[in-house]
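Encoded as structure tokens, the structure appears first; notes follow it.
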Amino acid sequence: MSKAKFKPKHLGRHSEHVIDELDLIPWDLGPIRVTLDATEFTSLCPVTGQPDFGSVEIEYEPKAHIVETKSLKLYLRRFRDTKQFNEVIVATIADDFFHQVAPDWVTVTGKFNVRGGIQPTVRATRS
């Protein structure tokens with residue numbers, strides 16, 4: 001791993017609050033593909049305010065950094081109180097991740113539980 005100093009804001013600390021900025025770990029060990037599955041993702045329906053449940057998968061190829069997973073958990077938790085359509089949430093996660101981590105590419109896939117007999121799957125790729 002890179003000799004650059006890793007200064008996590010959340011790892012090893014008690015964190016109660018949601019965050020907007022991900023912690024990054026220096027990466028210089030060559031090309032890899034990372035897949036992170038958040039299987040207990042929750043947000044709110046923008047119409048009814050009822051909870052939406054599902055999973056979010058983030059797949060990416062890092063350049064100079066990988067994401068520290070505790071910070072990702074705290075980042076994703078911010079959507080628990082967000083009234084927004086699934087499509088907007090997935091696009092927001094993809095945009096934020098791409099701008100903060102600066103990978104070669106990232107694909108975010110949200111697979112949400114059935115509503116009204118339809119199971120939405122939403123995918124956003126940034127490169």
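Per-residue 3J(HN,Hα) values for region 57-69, derived from phi via the Karplus relation 6.51 cos²θ - 1.76 cosθ + 1.60 with θ = phi - 60°, read 10, 10, 10, 7, 10, x, 9, 9, 9, 10, 8, 7, 6 Hz in sequence order (x marks Gly and Pro). Applying the criteria of a DSSP loop state and at most 16 other Cβ atoms within 10 Å to the trypsin sites (Lys or Arg not before Pro) of region 1-103 yields LYS3, LYS5, LYS9, ARG13, ARG33, LYS63. Net charge dipole, the chain: roughly 240 debye, given to the nearest 20, about the Cα centre with Cβ charges of +1 for Lys and Arg and -1 for Asp and Glu. The mean sequence distance of close C-alpha pairs (under 8 Å, at least 6 residues apart), as a share of the length of the chain, puts its relative contact order at 26 percent. Against the set (1) 35, 33, 28; (2) 56, 36, 23; (3) 51, 31, 20, the structure's computed Cα extents along the principal axes in Å falls on (3).
For TRP105, the amide hydrogen comes within under 5 Å of the amide hydrogens of GLU61, counting only partners 5 or more places away or on other chains and with H modelled in the peptide plane.
GNM remark for the chain: springs join alpha carbons under 10 Å apart, and the peak mean-square fluctuation among SER43, SER15, SER55 falls on SER15. Dipole of the chain computed with +1 at Lys/Arg Cβ and -1 at Asp/Glu Cβ about the Cα centre; of PHE98, LEU22, GLY49, farthest Cα towards the positive end is LEU22.
The calculated FRET efficiency for the pair GLU40 and LYS5, based on their C-beta separation and a Förster distance of 41 Å, comes to about 0.80. Enter the angle in degrees (range 0 to 90, nearest 10) between the Cα long axis of helix 86-101 and the first principal axis of the Cα atoms of the chain, meaning the one along which they spread out most. Around 10 degrees separate the two axes.
Throughout, read-outs are computed from the coordinates displayed, never taken from laboratory work. The structure presented is a predicted model; accordingly, all values stated were derived computationally and were not measured. Don't worry about glycine lacking a Cβ; one is built from the backbone with ideal geometry, like all the others, and counts go over all protein chains shown.
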